[in-house]
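Down below is the structure, laid out as structure tokens.
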Amino acid sequence: MNEDYTVKIIVDNALCLGCGTCLAVCNANAITLVESQSGYLVPEINYEKCVFCKKCFNNCPSIKIHSIDKIDFIGKIKKAYIARSTDSILYQNGQSGGVVTSIVKYLLDTGKCDTALVTKNIAGDKIACPIITKNYADLFSTQGSIYCPVPLNTQLKTKAYTQSENPVIVGLPCHFHGISNQKARNERSPLLLGLFCAGVYSYKMIDYLCDYAIKKDPGFVFNGISFRDKSRYGWPGDVSLFGKDNSVIRIPAQRRHELKKVFMQPRCYLCFDQLNVLADLSFGDPYGLSDDKNGASIVLARTERGYKILQEAINADRLEAKEVNVNDVIHGQTIRSRKIPEFYRNMKIWQELHLPLFDYKRFYSTSILYDKKNNYTKIRRDILHSIHFFLAKSTSEASLIAKLKFQKEKIRQFFFLPIFLIKKILFKVRNILNYK
Ligand SMILES: Cc1cc2nc3c(=O)[nH]c(=O)nc-3n(C[C@H](O)[C@H](O)[C@H](O)COP(=O)(O)OP(=O)(O)OC[C@H]3O[C@@H](n4cnc5c(N)ncnc54)[C@H](O)[C@@H]3O)c2cc1C
Ligand code: SF4
Ligand code: SF4
Ligand code: SF4
């Protein structure tokens, strides 16, 4: 038995993204995706069925990207737009401007696509579910962003997908790297509607938020979550937990941000593709371009096919869109000022910790300078924590690791916030004195 031939090695090195590509490519049906002790979705291999063909390993997007030969943080962009759905229900219910779902609906209504692979929250179930649908009611319940791993690519081997002639897929960058690895894109050429992505968190984060809800309402029973509910204070939205008795517990966005470091998926620290470079159309929030409380979506038209579909949807009055400067979008997403230095810094940390990068190593460049002062030690600790948490052997160990990290972050904030404020005031005073 050679486990090195399977994706077990990916899981053992805390590199799994829970994307489900390995399950889709395994012809021996030896893989199932299960929730780990620390709340991630990971492949479990049935060694009685496995023939050690290495296909799962060779197609895993966490370590292989067949479709690109260099890191490209921005990708090809024909044009950029700020847009919103003209369907008032999809607009209000959408995460940003409801544009993704309006385009999916347009494609299904007009027969340009015959099925859509999208993700929905099922009432009462904390794990999000990828579905293949043609149904408007389904589309409505897929809206909103799910900040936890979604096993989207498991669907690529289903009958509904393989029998579809012209599918559209909505997914994160790592989903599309998995799709391009397994060549589904070449064989079937699905239309790829890609979300920007800066990371996802363990499903244990939802348990943690539920504990908070139970403190507020001891009778609370989880029925659903909106990570960024626009209904109270508008865009960008804060967390709402929905109870079985129709109760709603609101949690400030600040708390979700505090929990990021506790539950961040380790592999996200190594992700370069925030802007979804393999998509036909990429979508995100309009940071730096609009603070409309009703929300709006940024759309990047990357391919000729994507551009054409976007224009058709605009001409069919499904969307309102205004062209914006591509550089303003890149600036708003802080790609050059934050993402690029962070990526190389994190690669360096990974190397220093002697953690394997497999094929990804070829993207690491020693010639690129990273700033050792740029939170290096702190992020090194955060990365080590995320790996430690990911690899927890039991739920109680995972809870303990999370609790300790949360407490450490609180203590850090307690001491560092006043110091940070004093520094800021001194900096302002110095500027005023210099100006005079
Ligand atoms: C994990 C995550 C991180 C993100 N990070 C950023 C960011 O850093 N910067 C930024 O500008 N925008 C980010 N976005 C994108 C943003 O939140 C909106 O999804 C985007 O602006 C589209 O909004 P909309 O109203 O047009 O889409 P909607 O009409 O609300 O449709 C949303 C679509 O996204 C799909 N979806 C939701 N969650 C997932 C998921 N986890 N995996 C696969 N499909 C999913 C749904 O199935 C649905 O089809 C992120 C989204 C996600 C899910
Ligand atoms: S293919 Fe996806 S789910 Fe499978 S091991 Fe790789 S990252 Fe994890
Ligand atoms: S049969 Fe091949 S693809 Fe399936 S688990 Fe084994 S090595 Fe991976
Ligand atoms: S940050 Fe990258 S690796 Fe992490 S979920 Fe998003 S696309 Fe996938």
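None of the figures in this text is laboratory data; all of them are computed from the coordinates on show. Here the structure is a predicted model, which means the values were calculated and not measured. Heads up, the Cβs are rebuilt from the backbone with ideal geometry, glycines too, and the neighbour counts pull from every protein chain shown.
With a threshold of 32 Å on the Cα-Cα distance, the over-threshold entries among K204/K378; K322/K423; K8/K244; K105/K322 are K322/K423; K8/K244. With Cα atoms defining each centre, the range 238-296 and the range 71-115 are spaced 17 Å apart in the structure. By the count of neighbouring beta-carbon atoms within 10 Å, fewest first, Y287, Y203 end up ordered Y287, Y203. Note on K76 and T395: the extension gain reaches 110.5 nm, defined as 0.36 nm multiplied by sequence separation minus the Cα-Cα distance. Listing E304, E258 from fewest to most neighbouring C-beta atoms within 10 Å gives E304, E258.
Charging the Cβ of each Asp and Glu at -1 and of each Lys and Arg at +1, and nothing else, the dipole of the chain about its Cα centre rounds to 1640 debye.
Across the range 12-25, coupling constants 3J(HN,Hα) worked out from phi with the 6.51/-1.76/1.60 Karplus curve, θ = phi - 60°, read 4, 9, 6, 9, 6, 9, x, 7, x, 4, 4, 4, 5, 8 Hz, and Gly and Pro carry x.
Straight Cα distances below 15 angstrom link K134 to the aspartates and glutamates D109, D114, E165, with same-chain residues fewer than 8 positions distant left out. Result for the chain in a Gaussian network model with C-alpha springs under 10 Å: among A301, A24, A137, the largest mean-square fluctuation is at A137. Tell me the GluC sites (Glu not before Pro) within the range 1-106 that lie in a loop according to DSSP and have at most 15 other beta-carbon atoms within 10 Å. For GluC sites (Glu not before Pro) across the range 1-106 that sit outside H, G, I, E and B with at most 15 neighbouring Cβ atoms in 10 Å, the list reads E48. Considering only I45, I387, I425, the Gaussian network model of the chain with Cα springs below 10 Å gives its largest mean-square fluctuation to I425. Anyone know which of D245, D114, D229 comes out most mobile in the 10 Å Cα GNM of the chain? Between D245, D114, D229, it is D245 that shows the largest mean-square fluctuation.
Compute the label zone of E323 within the range 275-315: residues whose backbone N is under 11 Å from the point 7 Å along Cα-to-Cβ. The answer is none, because no backbone nitrogen lies closer than 11 Å to the label point. Screening the chain for whole DSSP H helices of 24 Å or more along their axis (Cα) with average Kyte-Doolittle hydropathy at least -1.0 returns 395-435. Per-residue Karplus couplings for the range 47-52, computed as 6.51 cos²θ - 1.76 cosθ + 1.60 with θ equal to phi - 60°, are listed in order as 6, 6, 9, 5, 10, 6 Hz, Gly and Pro entered as x. A Stokes-Einstein calculation at 20 °C with viscosity 1.002 mPa s, built on the Kirkwood radius of the chain over Cα pairs, returns a diffusion coefficient of 94 µm²/s.
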